[in-house]
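Read through the structure below, which is laid out as structure tokens, and then see the notes.
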Amino acid sequence: MGLAELNVIPQATGAAAKTVENHQAPQELILHAAWFCPFAHRVWITLEEKGVPYQYKEVNPYKKEPHFLAINPKGLVPVIEYKGKALSESLILVEFVEEAFPQAPNLLPRDPVERAEARQWIDSINKQFIYPYQRLLQAQGAENQKAALEDVYHFLRNFSESIKGPYFLGEQFSLVDIVIAPWIMRDWVVTQHRGYRRENASPRWKIYADLVQKRESVANTLSLQEHTIGIYDQYLRDEAESEAAKAIREGRAIP
């Protein structure tokens, strides 16, 4: 099943389309992404925050071009092409951008202990939040959905207790905020279909999520909701064939 069959257009829309348009000129760094992918969204936000010159190239995950498969045989987005090398995995890529382009703003603390603590939270988001969130999205039946929702709330309550404010590490927007931002921007799906409410996680989480949602780099890399629901319908029915969806059904880690 391709994008057309899912009633999904093949390119970014809304604010994200304008950002794509501004990044079509050839650059040393090329971001290969799918506009609707939250993992690719992490890297896109990072590039925007750092002000790094980049060229955006859209990847149709249902019809991958030969060049993309040549540089990334797994066929998964996001991928960064830089100086003749192809790099992948969203968490590796956001740190790569931070390290390869050390100009301000700094997205990780300079202090090594604080930096390690930030990385611990980034790891926790990936391991303890993304999986139950994805499980909530795909869960069938009221009891399964309720259990998954409670797991999501449990993580978000713990996370919220450590928010220094206004962003997770304080005044500076950081990679901790970036790695969770794409799921904040897409939580309307579980709000509409799974009973999720930001305020039910905690009032502090709602304040934080509402703030992250307004961040320019986050909002300007997001497409319109009406062009995204076709993707999520297949997850809500637990019929998606993405690697993430398969991992949830098989009870294994998301690759």
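Bear in mind that the values in this text are calculations on the coordinates, not laboratory data. Keep in mind the model is a prediction, meaning the values are calculated, not measured. No Cβ is skipped: glycine too gets one built from the backbone with ideal geometry, and neighbour counts run over all protein chains shown.
Results, tabulated for the structure shown:
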read-out	value
Total charge dipole magnitude, the chain, about the Cα centre, Cβ charges on Lys, Arg, Asp, Glu only, Debye to nearest 20	200 debye
Long-range HN-HN contacts of GLY170 with modeled amide H, under 5 Å	LYS164, GLY165
Within region 1-152: Cβ-based charge dipole about Cα centre, in debye rounded to nearest 20 (Lys, Arg +1; Asp, Glu -1)	320 debye
Value of relative contact order over region 112-250, rounded to a whole percent, pairs C-alpha under 8 Å and six or more apart	29 percent
Amide N of region 228-255 lying under 14 Å from the label point, which is placed 7 angstrom from the Cα of GLU58 along Cα→Cβ	228
Extension gain, GLU21 back to ILE71 (0.36 nm per residue minus Cα-Cα distance, nm)	15.6 nm
Answer label for Kirkwood radius over Cα pairs in Å (calculated), chosen among [x] 17.9; [y] 19.4; [z] 18.7	[z]
Rounded, prolate or oblate (a/c below 1.5 giving rounded, otherwise prolate when a/b exceeds b/c) for region 40-79 by Cα gyration tensor	prolate
Gain in span if fully extended, ASP238 to ALA142, counting 0.36 nm per residue against the direct Cα distance	33.2 nm
Under the Karplus curve 6.51 cos²θ - 1.76 cosθ + 1.60, θ = phi - 60°, whole-Hz ³J(HN,Hα) for region 154-168, x wherever Gly or Pro sits	4, 5, 5, 5, 5, 4, 4, 5, 9, 5, 7, x, x, 9, 4
Relative contact order [Cα under 8 Å, 6+ residues apart], the chain, whole percent	24 percent
Cα shape, region 14-100, gyration tensor, a/c 1.5 rule	rounded
Long-range amide H partners of GLN55 with built H, under 5 Å	GLN27, LEU29, ILE30, LEU31
Euclidean distance between Cα centres, region 54-109 to region 214-255, Å	19 Å
Positive-end residue, the chain charge dipole about Cα centroid, Cβ charges, pick of ALA240, TYR54, TYR167	ALA240
Gyration tensor verdict on region 112-250 (Cα atoms; rounded if a/c is under 1.5, prolate if a/b is larger than b/c, oblate otherwise)	prolate
Candidate aspartates and glutamates for bridging to LYS85, where Cα separation is under 19 Å - those fewer than 8 sequence places away on the same chain excluded	GLU28, GLU58, GLU65, GLU95, GLU98, GLU99
Once exposed loop trypsin sites (Lys or Arg not before Pro) are cut out (DSSP; at most 10 other Cβ, 10 Å), longest piece of the chain	165-236
Low-density loop cleavage sites - GluC sites (Glu not before Pro) in region 151-255, where at most 15 other Cβ are within 10 Å (DSSP)	GLU171, GLU239, GLU241
Which of PHE96, PHE68 has the fewest Cβ neighbours within 10 Å, and the rest in rising order	PHE96, PHE68
